[in-house]
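Take a look at the structure below.
Each reported figure results from applying straightforward, stated rules to the coordinates on display, with no laboratory input. Keep in mind that what you see is a predicted model, and the values were worked out from it rather than measured. In this analysis, Cβ positions are derived from the backbone assuming ideal geometry, glycine residues included, and neighbour counts consider all displayed protein chains.
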Amino acid sequence: MSTENFGRLDMENEGPTDSENQKKRGCYVSLVRGTVIAVLGFIVLLLVILIAYFAGEKVVTYACDDKTTSIPSSKDDNLTNTCARLAASGNVQICNACYRTPKDELDIRLPSSLVPLVYDVNLRPNIYGPDPSEFKVTGSVKIQLQCNKDTFNVSLHINELDVIENSVTVHGGNTDFIVLLERDAERQFLILRLNKKLLAGEIYNVSMSFWGHLTTRLSGLYISSYQHGNTTSYVATTQFEPTDARKALPCFDEPALKAKFRITLERQESKTALSNMPVAYSEKLDDLWVADHFEITPKMPTYLLAFIVGDFKYMESLTKRNIEYRVWSRPQVTNQAEYALGIGDKVLTFFEDYFKIHYPLPKQDMIAVPDFPYRAMENWGLIVYRESTMLYDNKATSEHFKQVIAYVIAHEVAHQWFGNIVSPIWWDELWLNEGFATYMGYFGVYHVETDWKMFEEFIVGVLHVSFKDDAVVSSHPLFVPVERPSEIAEVFDSISYQKGAAVIRMAKFFLGEEAFQKGLTNYLRKHQYGSATRNDLWVAWGDQTSLDVKSIMDTWVLQMNYPVVSIERTSDGMFASQTRFLLDHTATDPGVYTSPFGYKWDIPLTYTYEDEKHLDATKIHWMYRITDSQLPRPGEDKWILANVQQQGYYRVNYDDHNWRQLIRQLRTNYRKIPTTNRAQILNDAWNLARAGLLDMRIALDTLDYLSAEREYIPWKTATVELDFVSSMLQRNKLFGPYRKFIARTVNEYFDELTMNNTGASHTETLTRSLISGVACHNGIQSCISEAQLQYRKWMQMPDQNTIDPDLRSVVYCTAIQHGGIEEWEFGYGQYKVSDIAAEKDRLRSALACSRETWILSSYLQKTLMPEEIRKQDTISTIVSISKNPVGQPLVWDFVRSKWTIITEEYIQVFGMKNLLVGITNTFNTKWDLQQLEDLKVKQPDMGSGTRAFQLVTEKTKSNIEWMENNIDIISNWLREKHFL
């Protein structure tokens, strides 16, 4: 084939042209040449006949894998198309001219020429028999497609499945097509090359059968199991988000490619099958097998599909609008699902009323499965949970776990609107899903558990978490371009979730409740059953206000990090200025993301003064991407407090005089400052000091009042900052004196609270658990002795655990820490036999508290034994052990030695970040940094952990600088306080 002929192949969907067959009139050939041509023609004809014969059902398996020659990437698809057509015509040697686009130029997005309309899916997960390694799924799919642009290809996603070649058909317009199959493993594509063109405006059907192995990898369609007496009961269940529906069926696995689905699940009569919709009818196939045919779904993306086959029981109720609400679980624990049923029903009804859009499906199922990689997944009509985030036992589950259960349920139910009714066009807008679900999770629980102070909880559980992770140059904007599955997995992080929620909360504040709510309703109604972008939301909100919503919000969504507003009084007045906040101001920005606004934000600055009677009466002073802004000046010795109720996504720094006035207020009457702002003062001061923007002594002095503090949120904030310093000092001689300081600070409050929760409210119970943990961990003997006493009583009567559920974490850890192998083995035995998910989680974490090296080494080995520690719990268990100063070096060696098996078998979307951040939390020396860099050399391809590795490297460097700058200051401060 000549170069000129290949020059024609850059035209998209260009078929063989007339010019390829044109001949000049009056052309004559010699006899010899004619004979040669005739022979060649006969050979080509013979090849065509052979191909047609062996193709069976008009299918030829075809692959072009010669990658030795480079061809411009823009020509690649059309080159391959033409190669396929010529191969189908008999020229099989044409494959030698086919090339792949270089890896770094691959486009993993599906072509836009075809969109799915309806899927008919039939699956038979075979989970019966003694050997789960033999379990398989067989299935078939028929996809009705609309052609939007002429094409010779049908490209769809597939991964870890085998297609039965002679089952593949393409039909439409009374035409059957010859199909050549190509697998592009790198892009996870199955490409059907056709001998004829699919025409724009026409409807086509693609059908195929397939099969795959069922594994325990917790993605796609996978196996879970549980023990029922001496019997192992197996479950087939799914987790598809973001890109794993293709592991269960060939499909168009992108969020904007919504379609309707008719699902059929085949099962044996002893099992129950569940999917997104109710069962329309069941069909008995033979003596063993039953096929459950489910009602057709609304338009939805593939990642929201769910299929479950197993032995489960349910509880049910009807919502106010007659939605059938069911909660499913293992038969042994069905009674633990009652709380989840009540919360789910209430929250769904609340969101229907708030959004003014009815839940559109006839049923809502929630199910707790034994093995699940995340807390939960919002599959439309069938939300899947870990057992610990759905099941509640009122005698064994703590108030903390109860709050987690309520929040996770509200988060997932909120997704039924944000993500399900309206989906993002692509994963670069993931924050629209997860940011809203995170905020609405707190919002929903606030309205059904009204005494839990959930908006205060938001400050420490969301805002401060985001502040920490978004203060580094390895962060990313909320809107972040992603392509490959590993890149998509990376953005399922605290930026998309927590920062997204914090920015939405700020928008609600400056828009006002009515504009916020009405805008959301209009946004959901306009785009329901479709896809949307952030700009669609800006329009909906902009219609309700005179503010330029897009201009404001783009500054928060299109650039990473956040500002610190510095307020300083001078002889000329009070001035506010903004700069980009970074924990390490010396860090080199890698330039992956550039700010379109020069790291300036439109800030809704709020402030109040010491003389104000109502500090909640806030004034908004807009700082529109400007550096300096003048404010009214308070009295000479009066303080100003900015970011009232910490509604804004920014930190606040003051001149030293104002900081001293705020500290004076805390010491004399801390209640004058709102609870959330006391938490803000602590969080801002300590992080500004870490960044070198505030004298460390001022941060230390904010703790002076803490022994008098009696509210949960400031104490929770303080413990986070105290724990950071502990993690930095645990290998330093100052660790002992520092622990004495903490013990003195908490001692009075611990003696007041004791370890008795009788009659306590929800928030009082959380506070007692927190303070007891600080007291025991920092060596207060009365706390340690009480914990040991309670644990020994339990050891003497294992069937009668009288330890308060909200104190069990403290008691278990303390007793195991100060005990030996007897205490550890008792705890592990209870972990193995407990049928309460929250109790198992508590014990699993407490087992990491031992101070015996050999015990921790043995425990680490168990983390890679699924029969001992479930796969879903492997990473969190390893991280728990690493938090123990004795366990940290053991974990670091263990993870490096087991890197391949951990990353291939146990890492899910969040897993790599959780692992790397968790096990390097105390890194603060140049030797630690060198070990990190050595790991990167040994493991250059971090996949979905690439950004996480950059994060921990940057934080290690920041910790090194913190040690160099602050050790002497802390030493002198402790000496002044007589702890040294």
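Can you give the calculated 222 nm mean residue ellipticity of the chain, where each DSSP H run of n ≥ 4 adds -39,500 (n - 2.57) and the sum is split over every residue, rounded to the nearest 500 deg cm²/dmol?
That comes out to -12500 deg cm²/dmol.
Note down the relative contact order for region 605-762 as a percent, whole number, built from C-alpha pairs under 8 angstrom at least six residues apart.
Result for region 605-762 is 16 percent.
If you take the beta carbon distance between Thr588 and Asn965 as r and set R0 to 22 Å, what does 1/(1 + (r/R0)^6) give as a FRET efficiency, to the nearest 0.05?
Rounded to the nearest 0.05, the efficiency is 0.70.
Please identify the trypsin sites (Lys or Arg not before Pro) of region 125-187 that satisfy two criteria: DSSP loop assignment and at most 16 other Cβ atoms within 10 Å. Which are they?
In loop regions of region 125-187 (DSSP not H, G, I, E or B), the sparsely surrounded trypsin sites (Lys or Arg not before Pro) are Lys149.
Straight-line reach only, C-alpha to C-alpha below 18 angstrom: list the lysines that Lys196 could link to, leaving out same-chain residues fewer than 8 apart.
Once the sequence-local lysines are set aside, what remains near Lys196 is Lys58, Lys149.
Would you mind computing, in nm to one decimal, how far apart the modelled labels at Leu318 and Asp934 are, each placed 7 Å from Cα along Cα→Cβ?
6.8 nm
Please report, in debye to the nearest 20, how large the charge dipole of the chain is about its Cα centre when each Lys and Arg carries +1 at its beta carbon and each Asp and Glu carries -1 there.
Charge dipole, the chain, about its Cα centre: 500 debye, nearest 20.
Amide H to amide H under 5 Å from Val118: which residues, 5+ apart in sequence or cross-chain, H placed 1.01 Å off N in plane?
Answer set, sorted by chain and number: Gln144, Lys260.
Ranked highest first by the average count of other Cβ atoms within 10 Å around their residues, in what order do 274-283, 876-885 fall?
Highest to lowest by the protection proxy: 876-885, 274-283.
State, to one decimal in nm, how far the label point of Lys832 lies from the label point of Met795, with both points 7 Å from Cα in the Cβ direction.
1.8 nm
Return the distance in nm (one decimal) between the two label points of a simple spin-label model at Ser546 and Arg660, each offset 7 Å from Cα along Cα→Cβ.
4.3 nm
Loop-only check: which chymotrypsin sites (Phe, Trp or Tyr not before Pro) in region 561-666 are DSSP coil with at most 16 other Cβ within 10 angstrom?
Those that pass, being in a loop and sparsely packed, are Phe597.
Rounded to whole Hz and in sequence order, give me ³J(HN,Hα) for region 125-140 from the Karplus expression 6.51 cos²θ - 1.76 cosθ + 1.60, θ = phi - 60°, writing x for Gly and Pro.
Result, ordered by residue: x, 8, 10, 10, x, x, 10, x, 5, 9, 5, 9, 10, 10, x, 9 Hz.
Whole-Hz ³J(HN,Hα) for each residue in region 561-566, computed from phi via Karplus 6.51 cos²θ - 1.76 cosθ + 1.60 with θ = phi - 60°, x for glycine and proline: what do you get?
Along region 561-566, the couplings run 6, 7, x, 10, 8, 9 Hz.
What does the net charge come to around Gln416 if you take all other residues with beta carbon closer than 10 Å to its beta carbon, with K and R at +1 and D and E at -1?
The answer is -3.
How much length would be gained if the chain were fully extended between Thr450 and Asn972, taking 0.36 nm per residue of separation minus their Cα-Cα distance, in nm to one decimal?
183.4 nm
Taking the alpha-carbon set of the chain, what are its Rg and Dmax in Å?
31.2, 113
For Asn126, enumerate residues with amide H under 5 Å from its amide H, sequence gap 5+ or separate chain, H modeled in the peptide plane.
Lys136, Val137, Thr138
Computed FRET efficiency, Cβ-Cβ of Trp899 and Lys619, R0 41 Å: what is it to the nearest 0.05?
0.15
How far is the Cα center of region 595-635 from the Cα center of region 757-818, in Å?
So the separation of the two Cα centres works out to 45 Å.
Measure nothing fancy, just the Cα-based angle from helix 500-511's long axis to the longest principal axis of the chain, in degrees from 0 to 90, nearest 10.
Orientation of helix 500-511: about 70 degrees from the principal axis.
Which order do peptides 927-936, 829-838 fall in by mean Cβ count within 10 Å, highest first?
829-838, 927-936
If amide H atoms are built 1.01 Å from N in the plane of the peptide, which residues on other chains or at least 5 residues away come under 5 Å of the amide H of Phe372?
Gln872
For region 634-694, what relative contact order do you get, as a whole percent, if you take Cα pairs closer than 8 Å and at least 6 residues apart?
35 percent
Let me have the relative contact order for the chain, percent, based on Cα pairs under 8 Å that are six or more residues apart.
So the answer I get is 7 percent.
Output ³J(HN,Hα) for region 286-296: one whole-Hz value per residue in order, computed from phi by the Karplus curve 6.51 cos²θ - 1.76 cosθ + 1.60 with θ = phi - 60°, and x for Gly and Pro.
In residue order, the calculated couplings are 6, 5, 10, 9, 10, 10, 9, 9, 9, 4, 5 Hz.
Of Gln730, Cys783, Ile742, whose Cα points farthest to the positive end of the dipole of region 677-794 (charges on the beta-carbon: +1 Lys, Arg; -1 Asp, Glu; origin at the Cα centre)?
The residue sitting farthest along the positive end of the dipole is Gln730.
Given a cut-off of 21 Å, name the pairs among Lys840/Lys871; Lys499/Lys716; Lys356/Lys402 whose C-alpha atoms lie farther apart than that in the structure shown.
Lys356/Lys402
Multiply the residue separation of Thr175 and Gln517 by 0.36 nm, subtract the distance between their alpha-carbon atoms, and state the gained length in nm to one decimal.
Additional length available on full extension: 118.0 nm.
Which loop trypsin sites (Lys or Arg not before Pro) in region 634-703, with loop taken from DSSP, have no more than 14 other Cβ atoms within 10 angstrom of their Cβ?
Filter output for region 634-703: Lys638.
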